[in-house]
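The block underneath contains the structure these notes are about, expressed in structure tokens.
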2 protein chains.
Amino acid sequence: MWNKGLIIGWIWSCCLATVAFGQQHPTLTLTKEGVQDIRKQMPQAPLFMETLEQMQQKIDKVVREEIAVPVPKDPAGGYTHEKHKENSRLMYQASVLYQLTGEQKYAGFVTELLEAYAEMYPTLLEHPIKKSYAPGKLFWQLLNESVWLVYVAQAYDGVYDYLTEKQRERITTDLLKPFAHFLSAENPEVFNRIHNHGVWAVAAVGMTGYVLEDQALVNKALYGMELTAGIAHKEKGEAGFYTHLDALFSPDGYYTEGPYYHRYALTPFMLFALAIENNEPKRQIFKYRDGILLKTVETLLQLTNVDGTFFPFNDAIKGMDYTTSSLVAGVDLLYAYGKKDPALLSIVEEQNTVLLNQAGLNVALALADGKQQPFNRTSLVITDGSSGDEGGIGILRTGKGKEQWTTSMKYTSHGLSHGHFDKLSLLMYEGAQEILQDYGAVRYVNVKQKEGGRYLPENKTWAHQTIAHNTLIVDETSHYDGDKRKSSKHHGVLVYAQQEKEFQALYAMDTTAYSGVRMGRKLVMIEGTSDREAVMLDVFSAESEEVHQYDLAYHYQGQVMNADFIESTANQQMQVLGQSNGYQHLWKEGEGISQESNTTFTWLKGNRFYSIASINETGTRYLLGRLGANDPKFNLRRDPVLIQRRTGKHARFINVIIPHGGRNQVTELTNRTETPIAEVKELTLMKGYEGVTITWKNGEELQVFWSTEKTMTKDKHQIEYKGYKYQWEGPVYVSAMK
Amino acid sequence: MWNKGLIIGWIWSCCLATVAFGQQHPTLTLTKEGVQDIRKQMPQAPLFMETLEQMQQKIDKVVREEIAVPVPKDPAGGYTHEKHKENSRLMYQASVLYQLTGEQKYAGFVTELLEAYAEMYPTLLEHPIKKSYAPGKLFWQLLNESVWLVYVAQAYDGVYDYLTEKQRERITTDLLKPFAHFLSAENPEVFNRIHNHGVWAVAAVGMTGYVLEDQALVNKALYGMELTAGIAHKEKGEAGFYTHLDALFSPDGYYTEGPYYHRYALTPFMLFALAIENNEPKRQIFKYRDGILLKTVETLLQLTNVDGTFFPFNDAIKGMDYTTSSLVAGVDLLYAYGKKDPALLSIVEEQNTVLLNQAGLNVALALADGKQQPFNRTSLVITDGSSGDEGGIGILRTGKGKEQWTTSMKYTSHGLSHGHFDKLSLLMYEGAQEILQDYGAVRYVNVKQKEGGRYLPENKTWAHQTIAHNTLIVDETSHYDGDKRKSSKHHGVLVYAQQEKEFQALYAMDTTAYSGVRMGRKLVMIEGTSDREAVMLDVFSAESEEVHQYDLAYHYQGQVMNADFIESTANQQMQVLGQSNGYQHLWKEGEGISQESNTTFTWLKGNRFYSIASINETGTRYLLGRLGANDPKFNLRRDPVLIQRRTGKHARFINVIIPHGGRNQVTELTNRTETPIAEVKELTLMKGYEGVTITWKNGEELQVFWSTEKTMTKDKHQIEYKGYKYQWEGPVYVSAMK
Ligand SMILES: [Ca+2]
Ligand SMILES: [Ca+2]
Ligand SMILES: [Ca+2]
Ligand SMILES: [Mg+2]
Ligand SMILES: [Mg+2]
Ligand SMILES: [Mg+2]
Ligand SMILES: [Mg+2]
């Protein structure tokens, strides 16, 4: 498939060359025609005008000041680093202002800086800070170098018409050409790397190629380059932008590192794609691979809670959301080159800014026309892996708007260096509030005191470990023994996802995380009625030939309202829960066993109550853990966890999770502070079937049946239970009786 | 003074009797004339109409249903308890709707219920739940009985004109008279009690007196009643509404139990006062004792953070704010009978509801006219004690609006049964966010699982104790040995409060909390400039003839960013910090000593950084504590505390507290994550003077000087320091140099 695309690609690119080049400037993310259009229409697009005016206010101050182009010297955070970074953004922004307002002062400012860089660049050797695997010249690492050129290529494009022939000549010869050469021919191992560092390099070189009318450069960017001696020669199709599009996203647009790194990687994809579209429209880059560039933005938008905050899969700093500047380009281009989904406009409203190009104009005009619709998040299944066969993520959602209840189960591949050992782990939100949390990464970005903002040691010793997740931990070890190389070879498997009017079900398995242990997790989310809440049945099974200790962890948050199974608590001293694999960071606050058939755990978060009703099996030990042990630098939050522990060859944990009731701190009224569930019971059914009854305190009974053998959507089932016959299609069935 | 008021009162009441009575109904919280006025004007008052319509929507449903007047049986929370409580509110609300809309169905509903109660009441004996010191008939405790009658007296008043003479006769004879008799003559010890239970009883009886034109009842309510045999005879002036007004508030309107109970006690004061005003306007009840009724509302409004949340002094459930229904009456009446302060209207906007009477109408009309102004909280000193000589509260504020920085110091009397042992303790907020918290009460109101919503054992063992507060703890004991009787005899003393343009200072002392220990706390809040943040200097001194262990506690919240003085942390096991007086609830997470002249503690809460820079003295031990030890029911939040510990005869803790910088979780930009303070140094000055230098990292230096001997505002001072002469007036001086 790829080969075909490649051949067509080559034909296009050679034929289009004469069409594409010789065009007028700007030609990358703005076009000459587009600018005329924008100037005409922007007064009718208030959000576009606001964005423009804000930029203008900022740049108007800057152009009055002396420029500074210091000799590179400092590491990230240092003066010369930050100055060069800033200069590239300022040049880009001033060039946009020049295009949209026609004011010469902006072009003059860009020209002055471009000339200063053209003056200095030929004198530069490798950056004096030698800490990167790929050092730059202006910056300590090549990544920053690439980002710089992405902005500066656009800046040059924007002021092209303003420059004299002699200025163009000099900027091209002394700055842009050698800069692109340095990023490609001189650093082929980065340029050909399929990785977000590679995408930035490719985008920078490709955009420079277009602006310089250098098809050879463009081709390198699109298809990769043959490598120089000493480094293995790569086949065509193993590098370049197309390969990035093929390899870094699943067919559903999932980015294997997860949403936090997804949004970071998105910018160069989007900007380079726009440049390709503007210069070689016949490539139909936004339609490539079934429209993967647009699909991946859609998918990223679905991986958010109702506040737009990204699911914190893998190394993720919690709190990052879709108003980030990386997604401004994503959303505007998705709107412009996609189906003009009016729901995107409500995200643009939250972003409160648009791209200052034609896509941004279109979005702002649509908003001005009042076309926005609410953005709806849906239940869905997302595959991982470039071929879509490396597991994925299932998301169950119920309810609309700000109250939506969301649960995701993760059975992806590892997720590169930022991956966590978290097969079959859950995230659960009610509205924007976390019910069951993923800890996220242990890192305080840009906080000097915390190791300069880098990942902290506890990121590996806690956040990466399986116990840091809402899943099963066998023998107090992490999945794949916490070995990234092993983990990277495997992934979970979706057995089925079923969506009915009254319920939704999701069943995923994994047989690779622990050798000799077969794990399966079944979620059945049953819709609420006017008489009772929605409820989540969570059945986690593990089977082995050997005896193991099985720990099922629930990372609740807030205050414990009820934990009757706890018999002893830490009073005078508190012990650590374990010695390694993350357990060394947990204190044991309390533990107990129960003789009852069910146990209930209720907690309060904010003003809402949550309960987990569990079928108790003899010997189940309940542990309440608290983070903070072996944390000498106080890097960890003091978050709690409930652990259900069983020992044996097999274990089956049946839990029912339910949000209920609430309190009002001003009226002091409360309602349904206690779990509305009276009993959860496992059913004995005919061979090939299993089931659970959930009995409500109001007398209502829910039967949940499922087939253990036939798991296809169209499979038909018939069983008898308590004298009633039940017939259904699909693996799971839920029956309500009063 | 009181006697004089009493005599005049008697004269008025006898002379006014003929004027007040024989009036038309309604006459309590609504008046006939007022109703005519309201009906005419309410269409111009949208908030009034919204409030009315909401009530109408609710009551329209209710009047269609069967009424229920069950035989009393259940405790609080049970069916009969909640039903009688609800019925009283419904009758009141329906009677208001009848007055304002004229619709007969509302009056019919009230009549039906009144007759049903008149039918049942004579048959009732004491309530079967015998748990209260003062049992009722409809309810297990008299308090609920009083509240019921406050509403029902108003309901009867509202439908008076609708009732036949015979119906009035029956309701009066079988319900209202015996009910009022039961609350007064049959329960004199509650009726005469100076306490919020007493106020409710007095209001109920007094309002019934007015509505029945029974001056004897009214007089009992106003002046108390002579007690029956077997109970000590009280002098006039020792009971009744006037005595409550004299005894329960300080001249500044402070209610000794603190804001949380203040707002609870406020309703009967306000409603009865309004009834007095409507029936005996010449009493000028709202002007009594320099307008104490209005003053106390003003004071309560000042005891809030920028979100209107009450300072959680003493037993207080955190989160209660001024939108509570108790303060709707307070604010509306303060506006109507006070100076028509337009700032109150912005509070009304937040409350989003008004009283459905003339005061509420006036407020809603003013709002409709757009008269509202922002509500400003100011620095102020509030006295405690009925004569204003029992200590008090000092509040320092800087900045405006939602960013205001607020610090209070508490040196009040104990605060009755809900008081905490917290002399010289601080609360600190930045905007709505707590910087240094008071734990509040250990209680989950109306949460069944938590002992039915009652105060939990840890309320006494933790929340009442001194270590639960931001103050000094000597020898790990609480103030007054945690003995309420001892504590109730004493209070702190304000030495001075000074307000200048560039700084504010507050100095309070206490010599009673620990025998033989003299404690003083000096706060100097220095305003920020364009170059640097505002900063709080906190000097806490303790002196004794004996050697003691002195612990200064800071209840910070959030994550530790920097605590370089910590040398060892709990890794494998964690020990409890102490054995009693609250220390048994704290884990010792870490401790250390420092050799530096200064130590710095920095934490992150939300997206803001806070630092405490401390002058280190040899031997000072720094402890990081965490709540949760000896808490078998998980009743306590896992909140942290920093403790600075010194041993010796004297101790002086000099700390500088400063909010700085911030982070943005979406842009990931941070600024000033580290304390901007370079050094804090104690100065050696001429005898009678002390001082501190605060040096900023930007080079700025602040000198803070104060006299240890002359503490009056008009005292003049002159000292020499480093060759400069400084002259000033008032106890504290701050000088800035760059
Ligand atoms: Ca994680
Ligand atoms: Ca047990
Ligand atoms: Ca307290
Ligand atoms: Mg960077
Ligand atoms: Mg994870
Ligand atoms: Mg009550
Ligand atoms: Mg207190």
Being open to solvent by 20 Å² or more (accessible area, probe 1.4 Å), part of a loop (DSSP other than H, G, I, E, B) and more than 15 Å from B:I171 (Cα to Cα) is the requirement here; does B:L125 meet it?
yes
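Scanning region A:309-354 for residues that are among the acidic types (D, E) and not in a loop (DSSP other than H, G, I, E, B), which turns out nearest to the chain's Cα centre (by Cα)? Full working, then the answer.
To start, the set of residues in region A:309-354 that are among the acidic types (D, E) comprises A:315, A:321, A:332, A:341, A:349-350.
Checking which are not in a loop (DSSP other than H, G, I, E, B) leaves us with A:321, A:332, A:349-350.
Numbers: A:D321: 10, A:D332: 18, A:E349: 21, A:E350: 19 Å.
Out of the qualifying residues, it is A:D321.
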Among the residues of region A:587-597, the number that are away from chain B (no Cβ under 12 Å) and surrounded by fewer than 19 Cβ atoms within 10 Å (Cβ to Cβ) is 4
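Just checking: which of the helices (runs of 4 or more DSSP H) contained wholly in region A:146-202 hold 2 or more residues that are of a type in the set (D, E, K, R)?
It comes to A:165-171.
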One residue from A:T353, A:T296, A:T324 being over 18 Å from B:Q665 (Cβ atoms), among the hydroxyl-bearing types (S, T, Y) and either more than 16 Å from ligand 6 (Cβ to nearest atom) or modelled with pLDDT under 95 (or both):
A:T296
In this structure, does B:L365 turn out to be away from ligand 4 (no atom under 16 Å from the Cβ), surrounded by 21 or more Cβ atoms within 10 Å (Cβ to Cβ) and more than 14 Å from every other protein chain (Cβ to nearest Cβ)?
no
If you go through region B:546-586 one residue at a time, how many are open to solvent by 30 Å² or more (accessible area, probe 1.4 Å), within 12 Å of chain A (Cβ to nearest Cβ) and small (G, A, S)?
2
Specify the residue that is nearest to ligand 2 (Cβ to nearest atom); the eligible residues are those in region A:291-322 that are within 11 Å of chain B (Cβ to nearest Cβ) and closer than 14 Å to A:F375 by Cα.
A:T309
Output the residue which, of all residues in region A:607-630 that are within 10 Å of chain B (Cβ to nearest Cβ) and on the phi > 0 side of the Ramachandran plot, is most open to solvent (accessible area, probe 1.4 Å).
A:N630
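Residue by residue, here is whether (1) in contact (Cβ under 8 Å) with a residue 40 or more places away in the chain; (2) surrounded by fewer than 20 Cβ atoms within 10 Å (Cβ to Cβ); (3) away from ligand 5 (no atom under 16 Å from the Cβ); (4) not aliphatic (A, V, I, L, M) holds:
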position: A:Q372; (1), (2), (3), (4): no, yes, yes, yes
position: A:S379; (1), (2), (3), (4): yes, yes, yes, yes
position: A:D389; (1), (2), (3), (4): no, yes, yes, yes
position: A:I393; (1), (2), (3), (4): yes, no, no, no
position: A:T412; (1), (2), (3), (4): yes, no, no, yes
position: A:S417; (1), (2), (3), (4): yes, yes, no, yes
position: A:K423; (1), (2), (3), (4): yes, no, no, yes
position: A:G440; (1), (2), (3), (4): yes, no, no, yes
position: A:K450; (1), (2), (3), (4): yes, no, yes, yes
Which numbered condition B:I658 misses (of (1) within 14 Å of chain A (Cβ to nearest Cβ); (2) of a type outside the set (G, A, S); (3) open to solvent by less than 30 Å² (accessible area, probe 1.4 Å))
(1)
B:T228 vs (1) surrounded by fewer than 24 Cβ atoms within 10 Å (Cβ to Cβ); (2) modelled with pLDDT of 90 or more: all pass except (2)
Just one of the numbered conditions (1) at pLDDT below 95; (2) part of a loop (DSSP other than H, G, I, E, B) is not true of A:C14; which one?
(2)
Identify all residues within region A:427-454 that are more than 14 Å from chain B (Cβ to nearest Cβ) and of a type in the set (S, T, Y); write none if there are none.
A:Y429
Output for Cβ contacts, cut-off 8 Å, separation at least six or different chains, first residue over 13 Å from B:Y439 (Cβ atoms) in region B:298-323, second within 16 Å of ligand 5 (Cβ to nearest atom) and at pLDDT 95 or above, reads none
Enumeration of residues in region A:341-358 that are over 19 Å from A:Q302 (Cα atoms) and either of a type in the set (S, T, Y) or out of contact with any Leu (no Cβ under 9 Å at 6 or more places or on another chain) (or both):
A:T353
Of everything in region A:663-697 that's within 14 Å of another protein chain (Cβ to nearest Cβ) and either in a strand (DSSP E or B) or touching a residue at least 60 places away in the same chain (Cβ under 8 Å) (or both), which residue is surrounded by the fewest Cβ atoms within 10 Å (Cβ to Cβ)?
A:N671
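Among residues belonging to region B:467-481 that are crowded, with 24+ Cβ neighbours inside 10 Å and assigned to a loop (DSSP other than H, G, I, E, B), point out the one that is nearest to ligand 3 (Cβ to nearest atom).
Residue satisfying both the conditions and the ranking: B:H469.
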All but one of (1) away from ligand 4 (no atom under 16 Å from the Cβ); (2) under 20 Å from A:G360 (Cβ atoms); (3) open to solvent by 10 Å² or more (accessible area, probe 1.4 Å) hold for A:Y322; state the number of the condition that does not hold.
(3)
Looking only at residues that are open to solvent by less than 40 Å² (accessible area, probe 1.4 Å) and in a loop (DSSP other than H, G, I, E, B) in region B:33-74, which one is nearest to B:L345 (Cα to Cα)?
B:A45
Within region B:631-646, track down each residue that is part of a strand (DSSP E or B), open to solvent by less than 10 Å² (accessible area, probe 1.4 Å) and farther than 20 Å from B:L523 by Cβ.
B:P640
Against the conditions (1) more than 9 Å from chain A (Cβ to nearest Cβ); (2) crowded, with 16+ Cβ neighbours inside 10 Å, where does B:K649 fall short? Just the number, please.
(2)
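The values are calculated or read from the model by the stated rules, or taken from the named source; none is laboratory data. Fair warning: this is a prediction, and the values are worked out from it, not measured in the lab. Reconstructed Cβ throughout: ideal geometry from the backbone, glycine too, with neighbour counts over all protein chains shown. Accessible surface is based on the protein model in full, side chains and every heavy atom, while ligands, DNA and RNA are left aside. Shrake-Rupley method; radii C 1.70, N 1.55, O 1.52, S 1.80 Å.
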